[in-house]
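The numbers here are math on the coordinates, done by the rules we state, and not lab data. This structure is a prediction, so every number in the text was calculated from the model and none was measured. For neighbour counting, all protein chains shown are included, and Cβ atoms are generated from backbone atoms with ideal geometry for every residue, glycine included.
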Amino acid sequence: MRGMKKLFFTWLIPLLWGICSLLQFRFPGDEYGLWAYGSLPGTWIAFFVSFGDIHNPLWPISVALVGSLIMAGFGRLLDGIGVRRSVWLGTLAIGTVLAFVLSVGSYPSIAKALSKNGSWTAYVLSSTMMGIYFSIVAVLILTLARRLISRMNERRNA
């Protein structure tokens with residue numbers, strides 16, 4: 001159990017991202033745009049393998065697996081540098097809400113936004129994935145800045 005606690009982000013981030021990617025494929029937005037945009041870390045597999053028709057179940061599964069492996073690397077990085085869970089969860093919430101407001105707000109009305117991408121689920125899943133990206137970048141910057149400031153204070157006080 002102690003090992004799982006130490007690898008919190010290594011497991012949580014790819015699991016959350018992979019689930020969102022698979023669900024997003026069922027609610028993909030206009031012409032699979034929100035799915036492709038949200039699943040970007042896994043969509044590069046399309047340059048190497050073709051499964052034909054986008055409706056082939058191998059597409060979402062392969063994108064989710066490849067993307068989850070990439071996201072596991074980022075999760076491991078966050079575990080390795082000792083990111084605080086509460087900080088990550090806070091930045092995830094902020095990033096998700098921000099992405100949701102910006103994506104829906106980019107249309108002149110809610111009706112236009114929904115007619116373009118089909119459902120609230122498409123926006124929520126896409127925004128969650130954008131929130132994951134935002135949270136990773138934000139906590140990396142915050143953690144590294146905190147360490148830099150701490151080291152500067154130690155040198156000043158020494």
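For the chain, the longest principal axis of the C-alpha atoms and the axis of helix 8-26 are separated by about 10°.
Taking the number of Cβ atoms within 10 Å of each Cβ as an exposure proxy, the fewest-first ranking of S127, S106 is S106, S127. The three principal axes of the C-alpha atoms in region 73-151 carry coordinate ranges of 51, 23, 17 Å, sorted with the longest axis first.
Across region 33-43, rounded Karplus estimates of 3J(HN,Hα) from the backbone phi angles (6.51 cos²θ - 1.76 cosθ + 1.60, θ = phi - 60°) give x, 5, 5, 4, 5, x, 9, 3, x, x, 6 Hz, Gly and Pro being marked x. Rounded to the nearest 10 degrees, the angle from helix 58-80 to the longest Cα principal axis of the chain is 10 degrees.
Computed over Cα pairs, the Kirkwood radius of region 2-157 leads via Stokes-Einstein (1.002 mPa s, 20 °C) to a diffusion coefficient of 128 µm² per second. Stretching the chain fully between S150 and L15 yields a gain of 45.3 nm (0.36 nm per residue, less the alpha carbon separation).
When Rg and the Kirkwood Rh are both derived from Cα coordinates, the Rg/Rh ratio for region 1-75 amounts to 1.04. Among the chymotrypsin sites (Phe, Trp or Tyr not before Pro) in region 41-98, those located in a DSSP loop and surrounded by at most 12 other Cβ atoms within 10 Å of their own Cβ are F48.
Taking other C-beta atoms within 10 Å as the exposure proxy, V49, V63 rank V49, V63 from fewest upward.
By other beta-carbon atoms within 10 Å, ranking Y37, Y123 with the fewest at the front produces Y37, Y123. The calculated FRET efficiency for L114 paired with A46, based on their beta-carbon distance and R0 = 30 Å, is about 0.60. Every helix of 4 or more DSSP H residues in the chain counts as -39500 (n - 2.57), and over all residues that averages to -26000 deg cm²/dmol at 222 nm.
Taking the charge dipole of the chain about its Cα centre, with +1 at Lys and Arg Cβ atoms and -1 at Asp and Glu Cβ atoms, the residue from V97, A46, L34 reaching farthest to the positive side is V97. For trypsin sites (Lys or Arg not before Pro), the sites in region 51-96 that DSSP calls loop and that have at most 13 other Cβ atoms within 10 Å are R84.
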